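The values are calculated or read from the model by the stated rules, or taken from the named source; none is laboratory data. Just so you know, these numbers come straight off a predicted model, no measurement behind them. Reconstructed Cβ throughout: ideal geometry from the backbone, glycine too, with neighbour counts over all protein chains shown. With ligands, DNA and RNA removed, areas are computed over all heavy atoms of the protein, side chains included. Shrake-Rupley method; radii C 1.70, N 1.55, O 1.52, S 1.80 Å.
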Amino acid sequence: MEYLRERVRNGEVMYGIGANLGSSLTVEMIGASGFDWTWIDLEHGTQDYSELIHQMQAASIHHAPAVVRIAWNEAPRFKRVLDLGAAGIMVPYVTSAEEAEQAAKAMRYPPEGIRGVAKFNRACGFGQDFSRYFSEANRNLLTVVQLETTRSVRNAAEIAAVDGVDVLFIGPLDLSVSMGMADNYEHPEFLEAMDRVAQACKAHGKAAGILVPKPDYLEGWIAKGFTFLVVGSDGGCVASGLKSIAATCKKFKR
């Protein structure tokens, strides 16, 4: 297992690309391109568990460990993904400290949490590495909770104070919709919400994360204190690349 938690908690700026096409090949490309981590999306992505196992294997090749966004904050979803060898889990739509505590417990074996224990899975080397994994998983797996609503932002300080939560991660589109300003990431109220989350993270020793809609925002958002960053997706990269090539070709059409 390759972990990310220590680097993230130490404030290192970490870049990831989203994998939502269900392809192990694009996950392999993400790692080969030099990104720090891979964000595999089971909430809005096209993949399911049958594709996830191949994506997890591909993420291991070039040392870009997988953080998997599950579809909802339910304990069975955590253990299945963790047993496949995820370095962390991102939990969508967390709005309160109680929901954050639920996520933190689902990430951990007893007595700290409620994760079910099994030996013969990929994370444990199919039984060959169980003792080591069992001894280190609770302190090394990364717990990321997503703040996607105005209620989440109001409760950011309480969420950041939850033991076992490592990253508060803004979903910018959902949050902007919740605020009544869809896709407007330069609105003063949106920027204020970002600051509130970043300040809560700083006060409690957690990392602030966000999906960056376009590269122009990157420098300013890092300056605000955001260090755990998703900077694109495989689907977006393929679509924009194809569109650019098609536009060039059309210039020479007769």
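Going by the conditions given, is Gly241 open to solvent by less than 50 Å² (accessible area, probe 1.4 Å) and either over 23 Å from Val91 (Cα atoms) or part of a helix (DSSP H, G or I) (or both)?
For Gly241, the condition - open to solvent by less than 50 Å² (accessible area, probe 1.4 Å) and either over 23 Å from Val91 (Cα atoms) or part of a helix (DSSP H, G or I) (or both) - is met.
Check off (1) within 28 Å of Ile222 (Cβ to Cβ); (2) hydroxyl-bearing (Ser, Thr, Tyr); (3) open to solvent by 20 Å² or more (accessible area, probe 1.4 Å) for Thr38 and give me the number that stays unchecked.
It fails just one condition, (3).
Which members of the stretch 163-192 meet the condition of being charged (D, E, K, R), under 26 Å from Gly11 (Cβ atoms) and part of a loop (DSSP other than H, G, I, E, B)?
Result: Asp163, Asp166, Glu186.
Output the residues belonging to the stretch 117-136 that are among the aliphatic types (A, V, I, L, M) and in contact (Cβ under 8 Å) with a residue 60 or more places away in the chain.
Ala123
When the residues of the stretch 3-34 are narrowed to those that are open to solvent by 50 Å² or more (accessible area, probe 1.4 Å) and free of Cβ contacts under 8 Å to residues at least 60 places away in the same chain, which ends up nearest to Lys202 (Cα to Cα)?
If we take residues in the stretch 3-34 being open to solvent by 50 Å² or more (accessible area, probe 1.4 Å) and free of Cβ contacts under 8 Å to residues at least 60 places away in the same chain, then Asn10 is nearest to Lys202 (Cα to Cα).
Out of the stretch 118-133, which residues are closer than 19 Å to Met56 by Cβ and outside any loop (DSSP other than H, G, I, E, B)?
Gly125, Phe126, Gly127, Phe130, Arg132, Tyr133
For the stretch 206-218, which positions are under 20 Å from the mean Cα position of the chain (by Cα) and open to solvent by 40 Å² or more (accessible area, probe 1.4 Å)?
Leu211, Pro213, Lys214, Pro215, Leu218
Taking only the stretch 140-162 into account, find how many residues are free of Cβ contacts under 8 Å to residues at least 60 places away in the same chain and either out of contact with any strand residue (DSSP E or B) (no Cβ under 6 Å at 6 or more places or on another chain) or part of a helix (DSSP H, G or I) (or both).
11
Among the residues of the stretch 219-238 satisfying the criterion of being part of a helix (DSSP H, G or I), under 22 Å from Ile30 (Cα atoms) and small (Gly, Ala, Ser), which is least open to solvent (accessible area, probe 1.4 Å)?
Ranking the qualifying residues of the stretch 219-238, first place goes to Gly235.
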